[in-house]
Amino acid sequence: MAWLLLILPLVAAVSNQLYLRKLGIAHLVSTASAAATFVIAILLLKGGNEPQPLQWASVGTLNLEIGITLDKLSTGMMIVVTGVGLLVHVFSLAYMKDDASKARYFTGLALFMFSMTGIVLASNFIMTFIFWELVGLSSYLLIGHWYEKDSAADAAKKAFLTNRIGDFGFMIGILMLWGITGTLAFDKMEIPAGISAGVLGAALLCVFCGAIGKSAQLPLHVWLPDAMEGPTPVSALIHAATMVAAGVYMLVRVQFSLNTDTFQVFEGFSGTTIAYIGGITSLMAALMATQQDDIKKILAYSTLSQLGYMVMAVGLLAGEAAMFHLFTHAWFKALLFLGSGAIIYACHHEQNIWKMGGLMKKMPITAITFAIGTAALIAVPYVTSGFWSKEEILSAAWNGNKFLFCIAVFVAFLTAFYMTRAFVVTFLGKTRSEDSSHAHEVGPLMSIPLVLLAAMAVLSGYHFLSDPLSAIRPHHSANNVVLIASIATLVLGVGIGFFLYSGKAKDPISIPLFRNRFYLDAIYEKGIVKYFQDGFAAIVHFFDEFVINGLLVGGSSRLAETLGSVFRKAQSGNLQAYAFTFGLGVLLVIYFTVFY
């Protein structure tokens with residue numbers, strides 16, 4: 001079953017691309033594949049023996065294998081990947097029904113499911129890296145699905161190239177860990193005695209570069225908001241629940257593989273660096289979200305912020321808390337993205353929240369499920385799954401780093417504020433445009449996934465669902481300080497959000513720094529890209545034109561042409577000239593023979 005879980009999406013993707021798309025059933029095959037993998041993932045929860053790895057290649061003492069890891073961490077993550085993936089497929093049946101390239105879209109979804117499944121089940125770093133790159137490829141294809149739009153094509157390229165930067169560091173980190181441990185298999189990695197803390201820390205930070213790219217942490221976070229140019233179900237699958245969570249999952253896998261009773265990986269400088277990058281990313285993304293008007297962009301920056309929470313927890317040696325929040329966040333953030341997709345679909349692809357309003361009466365199911373997802377994201381106490389997992393991260397910060405705890409608490413306030421803003425402006429008040437005035441509730445193929453995800457947004461934090469996934473469920477509760485801070489920020493954020501935005505027709509607050517995303521995109525595009533990339537391109541152009549073409553290729557051709565012209569003049573066809581040249585040659589031969 002484990003091999004079938006890995007292979008089924010690949011079979012669906014290949015079959016769709018080569019043959020089935022011509023028959024018009026690619027969407028059904030891809031959805032059936034997602035349903036089958038979800039059933040298999042549930043069956044694998046009860047455990048069992050891991051299948052024997054397949055020998056791929058052997059180079060000296062290095063054995064490269066294709067193996068599958070079936071432990072609590074991987075099987076729990078597979079429930080997220082296949083469960084959210086199935087619901088996204090079902091939602092897409094309605095959302096993409098009129099798309100001319102529907103078959104290509106579902107082929108991309110199947111390829112992504114295969115790639116993500118490979119990352120989760122991988123038993124070694126080489127296999128992880130291969131599927132890591134396949135995830136980048138499938139993400140590129142799905143983000144750029146509507147490639148006729150320049151913005152979508154540019155967003156796909158931006159995501160692909162930004163991730164390559166992080167992946168280069170990831171590759172170096174893998175090679176360094178191989179040099180340190182002598183193996184690439186997760187279950188055989190051991191830190192030898194006497195290894196330098198600086199060398200190990202450098203290796204771990206290089207591995208973390210991969211997570212910076214995939215999980216969109218500073219400074220490589222810029223691709224994720226632009227990736228909202230892809231179809232909304234893609235945003236739910238890739239940019240809320242699975243792909244962006246791959247970096248966190250990989251870090252926790254390394255942490256679980258290298259931790260021992262007497263040694264904690266990510267201790268010291270490397271752990272502190274990871275925690276602070278996560279905390280700062282969480283804060284900056286939350287500030288940016290407060291001034292966004294595009295409903296998908298708000299959710300995108302919210303995802304960045306919550307991923308920062310998870311990364312911060314990993315750096316604070318609380319990998320269980322990070323995975324627990326990953327597990328709960330996947331359901332309610334997928335719900336919010338699919339809910340936004342339903343809103344966009346009903347409002348004729350309008351995404352600006354200030355052109356919506358009054359949708360509570362027109363789309364009651366969507367509004368209620370969106371409210372449940374919002375409640376989970378802002379962590380309404382004792383009711384939603386987000387409360388339980390967020391409290392674990394706040395507790396880890398309280399016990400590990402008080403400054404990061406303050407940042408995390410402020411981020412919790414900002415989350416409650418900007419999600420209240422989004423809900424009030426979108427669903428309450430009066431309609432503000434013609435598109436929203438004609439909106440109506442979506443059909444069952446869209447609403448049923450929303451209802452199921454809403455149920456998971458409430459229930460996924462409780463013991464009867466999370467206990468079987470014991471590797472991702474911490475077993476300690478928050479103290480009173482953490483609880484009071486959490487509830488106070490929730491009440492304050494929701495209250496200010498209602499007070500400022502209830503009944504408003506336009507945003508009463510304007511902070512250009514947050515609205516323009518701290519101008520980081522402009523710095524990259526007009527600074528780094530223009531001067532470094534364009535400057536490097538100018539150097540390469542000069543080298544190509546003047547050195548390669550001018551001196552080497554061009555110079556050689558001109559030399560051959562000159563020599564040819566000289567020798568061509570010697571071949572005049574005059575018999576006297578030939579006799580003179582022959583006689584001169586004979587005299588020279590005699591001269592050199594006699595005197596040298």
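The values are calculated or read from the model by the stated rules, or taken from the named source; none is laboratory data. All values reported here derive from a predicted model rather than from experimental measurement. Please note: Cβ atoms are built from the backbone with ideal geometry, for glycine as well, and neighbour counts cover all protein chains shown. Side chains are part of the model used for accessible areas, which takes the heavy atoms of the whole protein and leaves out ligands, DNA and RNA. Shrake-Rupley method; radii C 1.70, N 1.55, O 1.52, S 1.80 Å.
Results, tabulated for the structure shown:
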| read-out | value |
| --- | --- |
| With DNA, RNA and ligands ignored, accessible area of Lys526 (1.4 Å probe; Å², nearest 10) | 140 |
| Rel. contact order, % - alpha carbon contacts under 8 angstrom, at least six apart, the chain | 12 |
| The stretch 224-360 - accessible surface per residue (Å², probe 1.4 Å) | 19 |
| Per-q log10 I(q)/I(0), the stretch 328-454, q = 0.11, 0.13, 0.21 Å⁻¹ (Debye; single scatterer per alpha-carbon; no solvent) | -0.42, -0.56, -1.11 |
| J(HN,Hα) series, the stretch 277-291, from Karplus relation 6.51 cos²θ - 1.76 cosθ + 1.60, nearest Hz, glycine and proline x | 4, x, x, 5, 4, 4, 5, 5, 5, 5, 5, 5, 5, 5, 10 |
| Within the accessible area of the chain (1.4 Å probe), percent carbon and sulfur | 69 |
| The stretch 532-596 shape via C-alpha gyration tensor axes, a/c threshold 1.5 | oblate |
| Rounded if a/c under 1.5, otherwise prolate or oblate - the stretch 174-301, Cα gyration tensor axes | prolate |
| Computed P(r) (all Cα pairs; the stretch 2-75; 10 Å bins; percent) | 18, 34, 29, 17, 2 |
| Summed side-chain charge close to Val135 - residues other than Val135 whose Cβ falls under 13 Å, Lys, Arg +1, Asp, Glu -1 | 0 |
| Cα gyration tensor shape for the stretch 246-345, rounded if a/c is under 1.5, else prolate or oblate | oblate |
| Charge dipole magnitude, Cβ of K and R +1, D and E -1 - the chain, Cα centre, debye nearest 20 | 940 |
| Whole-angstrom gap from the stretch 380-397 to the stretch 25-82, using each part's C-alpha centre | 30 |
| The stretch 479-513-the stretch 157-209 distance, computed between alpha-carbon centres (Å) | 40 |
| Percentage relative contact order, the stretch 1-96, counting C-alpha pairs under 8 Å, at least six apart | 30 |
| Equivalent ellipsoid, the chain (semi-axes from 5 times Cα gyration tensor eigenvalues, Å) | 53, 31, 26 |
| Gain in span if fully extended, Lys97 to Asn516, counting 0.36 nm per residue against the direct Cα distance | 147.4 nm |
| Relative contact order, percent, the stretch 57-135 [alpha-carbon distance under 8 Å, six or more residues apart] | 41 |
| Per residue accessible area of the stretch 504-596, 1.4 Å probe, in Å² | 85 |
